[in-house]
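Single-structure report; data block below.
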Amino acid sequence: MSLPERVANRKIYLRAEQVPDDVRQFIVKMLTVQIQSEYADAPDRSGSVCPTAEDKAWVDFQIAQEKEHGLGVSLILRDMGVDPLPYIKEAESSVTVGERKLDYFRMRMEDWVERSMTRVLAERTGGIQSIGGLGASYVPLAVWHAKNYVDEALGHTAQGNKYAKRLVAEGRREECQKAIEKFYPSCLDIFGGVDTSNEKRYLELGVKTLSNNQSRLLWIKSLERDLKEISLEMPAALWKGNRREYPEESLAGTGLYLDASDVPAQVRPLIAKVVSGWVQSKYARQNEMAVFAAPTPEEKLAVAIQYRDDRKSGLHAARMLSALGVDPDPIADEAERTLTGGKHKVDFLKQPLPESWTDICLQQWIAARASQAASLATFGSCLVPLAVWSGIHYEGQEGIANQWLTRLEGLDRPSVREAGLRILGHWYPHALRVFGGDGSANEEAYCRAGIKTASNRQVRGIFVELLGRDAAALGLPMPGVSVARQAG
Ligand SMILES: [Fe+2]
Ligand SMILES: [Fe+2]
């Protein structure tokens, strides 16, 4: 069995200090442009032209999200040793100023129709550009892209589509069409040049996984699909920007599926298998008793909220299965009904939860770290919604693992140590098995189809590293190599 080259050579950096200098340099290059887009919504682009109170409120919601994206970019830049403030100040100073500001952001929007249609066009460029970053080697950057896709593609763009539909229904179709023609070329330009030396480096270094022109194609396809729904038209010159005319691009070359409906019949069962595993892990309910074991009303609420949010990612996975044509309900049901039932359930989740609060904190910490690391395998997956889910899920599990760790740090040290040795001894081998065997036919098939982007071994190694760091903070020794070997 052999893994595709891109999987065998896959780099995954969890922390800034692991990032090599050339990768760091290109991340900074990209993010100093991105940050000017996040802060480019100068005053003449906002609130005042919204026709209704609902729309005004929505703009505030959107602008808050842009600042969230901006903060995310700023945090990564700071991690990379770059002060984001001068870039932000410059972007905010006026519509036309900003050395790294894109042409599109220098154009003025005249009215509500233009504002609505730029949501359909330009907000979509933000979402689509994030697709090429979902498999970025620097994990915080990949996670940022996943969240950005949700906000820009599923939020801001979708809201734009709604507004456009409303405008067309009000008889303003011509004005909408005119706005499309006005902004389309500058949106095409947003994606950048073709076959540039910069672009080559971005791809080689794993900062991006799609070329500029491939991203441009995905944007065209996505826009085409939505405009058809609203009975608006694409411009005649599909590839003509203000800066130049771009060459046509093949969708097959991207290796991606924008939606479940685009997935070919032979790939569907494989993706469904991966997603079914996640559905069963989210509905296994092994952890349910933790709410009852939590010692205070504050902790009971905190744990219940954790499970509510965790189950939400189960719901999203279930919806993905539905979109793939598989009924998720029997799969969720099978996992939930009995401890040991569920043909997609991992062995880890078939073990009874321990009873004491300390033991539960330890077991749930291990579970969350395993789940966090396991989501790395589908970062940058061929099915865009799965790739996005993985980034969001990774961050959620990281947060949950940190919560359990904080609880453990607040408990009595000697009893955590006593319980820790026992719990790790029992659960660690099960956790190592969560990631699947090395060199199996399944692993190869997932990687060849582009569903998984990292090997089981690599992801398991990251889990061991994550857990080891926490264990050191807790003063706990990690189980010996023999345990790891036996389980691997
Ligand atoms: Fe944004
Ligand atoms: Fe946006």
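The set of residues in segment 59-80 being in contact (Cβ under 8 Å) with a residue 40 or more places away in the chain and either of a type in the set (Asp, Glu) or within 12 Å of ligand 2 (Cβ to nearest atom) (or both) consists of GLN62, GLN65, GLU68, HIS69, ASP79. A single entry from GLU152, GLU181 fulfils the requirement of being of a type in the set (Asp, Glu) and under 30 Å from THR453 (Cβ atoms): GLU152. The set of residues in segment 8-35 being polar (S, T, N, Q), without any contact (Cβ under 8 Å) to a residue 12 or more places away in the chain and either more than 14 Å from ALA136 (Cβ to Cβ) or not assigned by TED's automatic domain parsing to the domain that holds HIS69 (or both) consists of ASN9, GLN25. Against the condition crowded, with 23+ Cβ neighbours inside 10 Å and under 20 Å from VAL143 (Cα atoms), how does ALA431 come out, does it pass? Against the criterion (crowded, with 23+ Cβ neighbours inside 10 Å and under 20 Å from VAL143 (Cα atoms)), ALA431 does not qualify. Taken over segment 130-157, the criterion of being within 12 Å of ligand 2 (Cβ to nearest atom) and either in contact with a helix residue (DSSP H, G or I) (Cβ under 6 Å, 6 or more places away or on another chain) or among the acidic types (Asp, Glu) (or both) is satisfied by SER130, ASN148, TYR149, ASP151, GLU152, ALA153, HIS156, THR157.
Candidates in segment 81-115 are the residues that are closer than 11 Å to GLN36 by Cα and basic (Lys, Arg); of these, the one that is modelled with the lowest pLDDT is ARG100. The number of residues in segment 279-324 that are free of Cβ contacts under 8 Å to residues at least 60 places away in the same chain and within 22 Å of THR378 (Cβ to Cβ) comes to 10. Please verify whether segment 62-80 includes one or more residues that are among the acidic types (Asp, Glu) and under 25 Å from ALA122 (Cβ atoms). Looking through segment 62-80, at least one residue is among the acidic types (Asp, Glu) and under 25 Å from ALA122 (Cβ atoms).
Regarding segment 202-215, can at least one residue be identified that is of a type in the set (D, E, K, R) and over 20 Å from the mean Cα position of the chain (by Cα)? Checked against the condition, which is being of a type in the set (D, E, K, R) and over 20 Å from the mean Cα position of the chain (by Cα), segment 202-215 yields at least one hit. Those helices (runs of 4 or more DSSP H) of segment 62-148 in which at least 1 residues are more than 16 Å from ligand 1 (Cβ to nearest atom), considering only elements entirely within it, cover 85-93, 112-118.
The values are calculated or read from the model by the stated rules, or taken from the named source; none is laboratory data. The structure presented is a predicted model; accordingly, all values stated were derived computationally and were not measured. Here Cβ is always computed from backbone atoms with ideal geometry, including for glycine, and neighbour counts include all displayed protein chains.
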